[in-house]
Amino acid sequence: MKLPPLLLVVVAGAAWLYWQYQRPGAGASATAQARRLRSPLVRLAELLGIQTARGRQAQRWARGAEGERRTAARLRPLARAGWTVLHDRALPTGRANIDHLLVSPSGIVIVLDSKNWSAYPLRIASGRLIYGDRDVTDWLNGIRHEARTVSRLLECPVIPLVSMEGARIVGSELVLDGIRIVPADQVVSVLRALARRHRAVGEHPGRRAAALFVPKDH
C-alpha cells in the first residue's frame, strides 16, 4: 500500500529530526555528516525509491559510522582492563577527527582507524594499496597525519593501526609505510600484543590524551 505524499513528508521529517539528536560517541562525526546529506527531501526521495547522489554519499558515511560503532563494541574489554579508550576525538587544528585513540596500561598510544568497506579484496602490489581494481594508497594519508599530530602533541611515539571490516584482506594482515591493516575481528588481539611488546617511558599519557583530544563538535 502506498503512503500519501503528506505522510511521506512527515515520516521523512521525523527521521531527519531523530538523526539530528543522535548521542555523541563512536561514529558520531560520520553519522552527523550522513545526517547533513540526508535532508528531508533526500529522505523523501529514498522513501519513493529514488536514488540521489547525496543519498549515496550519506549511505557511505552511515556505513562508516556503523563500522566505528562495531569497533567501539570490540574495544569494550580493553576499557574494562584499564586501557584509555577514546572515540571520535577532534584534532586541535583542522577538521580531521580520530576514530579511536587508545592508551594501554603500559602507556602505549595507538591511533586506530575504522573502515567498513564492501567485500572486495584488499592487497599491496608494487608498494601500493589496491582495493578491488582501485589504487587507494592515498587513503592512508589521513591516519598518517593523525598519528603524527598525536605524537607531536603528546610528545611520545604513536602507533597507527587500521581495523578493516568487510573488505577481504589478502593475507592475515597488510603493512604499508609502517601502517598495519588488520581484520576487524583480530584488532583486539593485535592491540594486546602491541601492549605486551612495548612499554612507554615517563608519565602515562592517558589523562593528557583525554584532555587534549576532546569529542568532536558535530
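The numbers here are math on the coordinates, done by the rules we state, and not lab data. Bear in mind the structure is a predicted one, so any value in this text is a computation, not a measurement. Glycine also receives a Cβ, built like all others from the backbone with ideal geometry; neighbour counts cover every protein chain displayed.
General remarks:
- About the Cα centre, charge dipole magnitude for the range 5-212 (Lys/Arg +1, Asp/Glu -1 at Cβ), debye: 280 debye
- Stretch gain in nm, segment ASP135-ARG196, where the contour uses 0.36 nm per residue and the Cα spacing is subtracted: 18.6 nm
- The distance between label points at GLN59 and GLU173 comes to 3.3 nm (points 7 Å beyond Cα on the Cα→Cβ vector).
- Here is how the number arises for the chain: DSSP H runs of 4 or more residues each give -39500 (n - 2.57), the sum is divided by the residue count, and the result at 222 nm is -14000 deg cm²/dmol.
- Share antiparallel - DSSP beta bridges, the range 5-212, percent rounded to 5: 60 percent
- Mean-square fluctuations from a GNM of the chain, with a 10 angstrom spring cutoff on Cα atoms, peak among ASP99, ASP185, ASP113 at ASP185.
- Of the DSSP H helices in the chain, those whose Cα atoms cover at least 18 Å axially and whose Kyte score averages 0.0 or more: 5-20
- Inter-part distance where the range 124-166 and the range 172-191 are each reduced to a Cα centre, Å: 11 Å
- For mean projected area of the Cα convex hull in nm², calculated from these coordinates, the label among (1) 16.7; (2) 13.8; (3) 20.1: (2)
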